[in-house]
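Asker: My questions all concern the structure below.
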Amino acid sequence: MHILQWLSTDEYKQKVISKILVEGAILQFILSFVMIAVYLFTDMEPLFLLLIPFAVFLFYSLARYIFSGIEFANVFTEDEIKAAKKRNLLSSIAFCVGMSLLSILMGRSMLDSVMVPLIAGILWFVMNSISLRKSVQKNADL
């Protein structure tokens, strides 16, 4: 059993995810050398320079996964699309409510307890909606 089986049991999906992660790792590796050169020739803060390759890896991998269209491989008919949209909306709402309650229990301010989970939930909904749209387009092409 290898680590990609934790992400998905579908072999094609594992292959695409591993390709995305390898591309991101190569990009991070190259950027690390660029950041070392920038550090040597400028007075920039080293911690900031270390965060840049990590952030690029994270955002690149996430964006490639979203736009790859492999998340919703079993969505073909209009009923399945509607059900996936409904699941997407309900999971985003559940995430917002759960994170808000958890944040309130941790003693955060009311503004932080509502706004941060709301923004995160909206981003989650948008990302899943884009992924669903790309998956439907990809499934239609098959």
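The values are calculated or read from the model by the stated rules, or taken from the named source; none is laboratory data. The structure presented is a predicted model; accordingly, all values stated were derived computationally and were not measured. Glycine also receives a Cβ, built like all others from the backbone with ideal geometry; neighbour counts cover every protein chain displayed. These area figures cover heavy atoms from the full protein model, side chains too; ligands, DNA and RNA do not enter into them. Shrake-Rupley method; radii C 1.70, N 1.55, O 1.52, S 1.80 Å.
Asker: As an exercise, use a Förster radius of 41 Å and the Cβ-Cβ distance of ALA140 and LEU47 to find the FRET efficiency, rounded to the nearest 0.05.
Answerer: 0.35
Asker: Under the rule a/c < 1.5 gives rounded, and otherwise a/b versus b/c splits prolate from oblate, where does the chain land using the Cα gyration tensor?
Answerer: oblate
Asker: Filter the chain for me: DSSP H helices, axial length by Cα at least 30 angstrom, mean Kyte-Doolittle hydropathy not below 1.6. List them by residue number.
Answerer: Sorted by number, the helices that extend far enough and score high enough are 46-68.
Asker: Let me ask another. Given only helices, namely DSSP H runs of n ≥ 4 each adding -39500 (n - 2.57), what is the per-residue ellipticity at 222 nm of the chain, to the nearest 500 deg cm²/dmol?
Answerer: About -29000 deg cm²/dmol.
Asker: Considering only protein heavy atoms, with the full assembly of protein chains and a 1.4 angstrom probe, order ASP79, ASP112 by accessible area, largest first.
Answerer: Accessible-area ranking of ASP79, ASP112, largest first: ASP79, ASP112.
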